[in-house]
Amino acid sequence: MTETGFAESSDGTIVGYETRGAGPPLVLVHGAAVDRRCWAPVLPRLAERFTVHAMDRRGRGLSAREGGPYAIEREGEDIAAVAEAAGGDVFLVGHSYGALCSLHATSATGAIGRLVLYEPPITTPWREVASPAMLARLRELADGRDHDRLLATVFRDLMGLSRRQVDALRGARRFWAACLDNAPPLARESESVPRIEDCARFAGISVPVQLLVGTAGPAYQRPTADALARIVPGAEVVELPGQGHMAMADDPDLFAKTLFAFAD
């Protein structure tokens, strides 16, 4: 049975999440352009072993009511509120931009027991996630409420998908409609992506950390994970064979087994 819960973040933002399963607490944090529903393919498998809390990040779904101005640090506080509501010693899993938010959560609460980060976007000397010109373009589209073009630009120019791939996603009407619902926060999130040198703030993380990288994804993902692993004490890089950026949907069994192994 799935239940809905809510936690109040430090700035008054109401953070909603769905809970399913039984066992130790596991909190799932989604990336950009999606919401808690992106975990649906893998959630039943995870719920066999954990009490799974799949949250909506602020500005989306159950968490549309925001209490203050945006900053990625506030996202960390949102996750902290859910982790504390889940009971502490939480297994926290963050995907893409949600992985960046999860890093910030480690300084906002002591309720996190271990952390998995799946391909967080970070600007490095070998890849700039978004140039100033690109950020200005995203802000223009967001201010103009041109969510379709905003979404397509993020998929194509930030995530590296081809025009054909973007057209295929647009043709999946239910998926595209869900992404359009989640498009408004994309510009502000793109503006909050850190540079690798900014990640020095995470050198004090004291919980076990695993960095997941798909072997079929862009070549820059592995060196980016390696660079972050050199900053975070004891962090381990684990490859997902044959996977790209969405292993939780493309191979949920592999994704679940990887989390189970880390939990053990």
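The values are calculated or read from the model by the stated rules, or taken from the named source; none is laboratory data. Remember, predicted model here, so these are calculated numbers, not experimental data. Positions of Cβ are generated from backbone atoms using ideal geometry, with glycine treated the same way; all protein chains shown enter the neighbour counts. Surface areas here come from the heavy atoms of the whole protein model, side chains and all, with no ligands, DNA or RNA. Shrake-Rupley method; radii C 1.70, N 1.55, O 1.52, S 1.80 Å.
I'm trying to understand the selection: among the residues of the stretch 33-69, which are farther than 18 Å from residue 2 by Cα and modelled with pLDDT under 95?
Correct list: 33, 34, 59, 60, 64, 65, 66, 67, 68, 69.
Any residue that is closer than 28 Å to residue 139 by Cα and free of Cβ contacts under 8 Å to residues at least 60 places away in the same chain - is there at least one of those in the stretch 203-214?
There is no residue in the stretch 203-214 that is closer than 28 Å to residue 139 by Cα and free of Cβ contacts under 8 Å to residues at least 60 places away in the same chain.
Where residues in the stretch 205-220 are open to solvent by less than 50 Å² (accessible area, probe 1.4 Å) and part of a loop (DSSP other than H, G, I, E, B), which of them is nearest to residue 111 (Cα to Cα)?
Restricting to residues being open to solvent by less than 50 Å² (accessible area, probe 1.4 Å) and part of a loop (DSSP other than H, G, I, E, B), the top hit is 207.
Conditions first: (1) out of contact with any strand residue (DSSP E or B) (no Cβ under 8 Å at 6 or more places or on another chain); (2) assigned to a loop (DSSP other than H, G, I, E, B); (3) over 21 Å from residue 253 (Cβ atoms); (4) open to solvent by 40 Å² or more (accessible area, probe 1.4 Å). Residue 32 passes all but one, so which condition is the exception?
(4)
Can you give me the number of residues within the stretch 230-252 that are assigned to a helix (DSSP H, G or I), open to solvent by 40 Å² or more (accessible area, probe 1.4 Å) and closer than 30 Å to residue 198 by Cβ?
Selection size over the stretch 230-252: 3.
Given the criterion assigned to a helix (DSSP H, G or I) and open to solvent by 20 Å² or more (accessible area, probe 1.4 Å), identify the matching residue among 202, 175, 255.
None of the others qualify; the one that does is 175.
Considering only the stretch 75-110, how many residues are open to solvent by 10 Å² or more (accessible area, probe 1.4 Å), on the phi < 0 side of the Ramachandran plot and of a type in the set (Gly, Ala, Ser)?
Qualifying residue count, the stretch 75-110: 6.
Any residue in the stretch 92-107 that is in a strand (DSSP E or B), in contact (Cβ under 8 Å) with a residue 24 or more places away in the chain and under 16 Å from residue 221 (Cα atoms)?
yes
What pairs can you find where one residue is in the stretch 252-264 and more than 14 Å from residue 113 (Cα to Cα), the other is open to solvent by 60 Å² or more (accessible area, probe 1.4 Å), and their Cβ atoms are less than 6 Å apart, with a gap of 6+ or different chains?
252/41; 252/45; 256/45
Going through the stretch 158-172 one residue at a time, which ones are free of Cβ contacts under 8 Å to residues at least 24 places away in the same chain and open to solvent by 60 Å² or more (accessible area, probe 1.4 Å)? First the steps, then the outcome.
Here is the first cut: in the stretch 158-172, the ones free of Cβ contacts under 8 Å to residues at least 24 places away in the same chain are 161-172.
Answer for the stretch 158-172, where residues must be free of Cβ contacts under 8 Å to residues at least 24 places away in the same chain and open to solvent by 60 Å² or more (accessible area, probe 1.4 Å): 163, 164, 165, 167, 168, 170.
Select from the stretch 180-195 the residues that are in a helix (DSSP H, G or I) and surrounded by fewer than 18 Cβ atoms within 10 Å (Cβ to Cβ) and list them in ascending order. Show your work before the answer.
Pass one, the stretch 180-195, residues in a helix (DSSP H, G or I): 180-181, 186-190.
Residues satisfying the conditions are 180, 181, 188.
Against the conditions (1) touching a Cys at 6+ places or on another chain (Cβ under 8 Å); (2) free of Cβ contacts under 8 Å to residues at least 24 places away in the same chain; (3) of a type in the set (A, V, I, L, M), where does residue 133 fall short? Just the number, please.
Going through (1) touching a Cys at 6+ places or on another chain (Cβ under 8 Å); (2) free of Cβ contacts under 8 Å to residues at least 24 places away in the same chain; (3) of a type in the set (A, V, I, L, M) one by one, residue 133 breaks only (1).
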